[in-house]
Amino acid sequence: MKKNINYVGFLAALLMSTSLVMKINHLPGAGAAMALAGFGLSIYLPLFLLNRSDETLNTRPNMVSIIGAISASVLNLGITFKFQHWPGAGILIVLGLSSFALVFIPFLLRKKLQEESSERKTLMNTMGASGLTLFSLGILFKIMHWPGAAVMLCLSVAFVFLGYFLLYLTDKSINKEIKTNYLRKAFLSVIIGCAVTSLIMVALNKPYFPPTPQELSSVKP
């Protein structure tokens, strides 16, 4: 199983890299390669997440892992459809992001709270989950042009950094080495996630901030 997952991942990465090179150089077939890469990634993501969960817990994948894998696959399909201007992209994106924000994260938080008993860790994990939920919904609202996206995105940053990370940094019950290693991985994941999200938003011609009046006046009719 693991060997087959590696093959699927290799193929998806190869198609993604090939489509990027073709797109940059304006070569024909870039759209088809990107579509194939999107389909390959939608297959690879759930297989990877479920297999990783199985290895970590030494058990069969639980409901949390299954929901997360399905959400990631559906969201990736939605983004692929959006890039290709195919019908149904909006529905897939709404289903993927809403299931991630409103189903996967609450299930994950519940599982985490069952493992942690202290009030501090309960508050910390709740703040982190709230921030991730608001960020996912904010991105969804931004893509769909629904009101309230900016408020959600700003609140998500406050919950994650001024809530979760600040509480984690000041938690003296956690081993310093474990804390350092975790924060390195967490901050790297945040940076990569924000970079990927920014590229996707720009590619969909939906930047985070609207143009200023000066920029609008400089555009010739």
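The values are calculated or read from the model by the stated rules, or taken from the named source; none is laboratory data. Everything numeric in this text was worked out from a predicted model, so none of it was measured. Neighbour counts are summed over all protein chains in view; Cβ atoms, including those assigned to glycine, are modelled from backbone coordinates with ideal geometry.
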Boolean, GLY68 is in contact with a helix residue (DSSP H, G or I) (Cβ under 7 Å, 6 or more places away or on another chain) and at pLDDT 90 or above:
no
Just to be sure, is LEU102 closer than 15 Å to SER71 by Cβ and free of Cβ contacts under 8 Å to residues at least 24 places away in the same chain?
no
Which numbered condition trips up HIS145, out of (1) in a helix (DSSP H, G or I); (2) at pLDDT below 90; (3) not small (Gly, Ala, Ser)?
(1)
Of (1) within 29 Å of LYS142 (Cβ to Cβ); (2) at pLDDT below 85; (3) not polar (S, T, N, Q), ALA101 fails just (2)
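Pull up region 116-152, narrow it to residues that are within 17 Å of TYR164 (Cα to Cα) and charged (D, E, K, R), then point me to the one that is surrounded by the fewest Cβ atoms within 10 Å (Cβ to Cβ).
First, pick out the residues of region 116-152 that are within 17 Å of TYR164 (Cα to Cα): 116-136, 152.
From what is left, the residues that are charged (D, E, K, R) are 116, 119-121.
Working: GLU116: 12, GLU119: 8, ARG120: 13, LYS121: 18.
That would be GLU119.
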I need every pair where a residue in region 168-195 that is exposed (fewer than 11 other Cβ atoms within 10 Å of the Cβ) has its Cβ under 8 Å from the Cβ of a residue that is in a loop (DSSP other than H, G, I, E, B), sequence separation at least 6 or different chains.
SER173/SER118
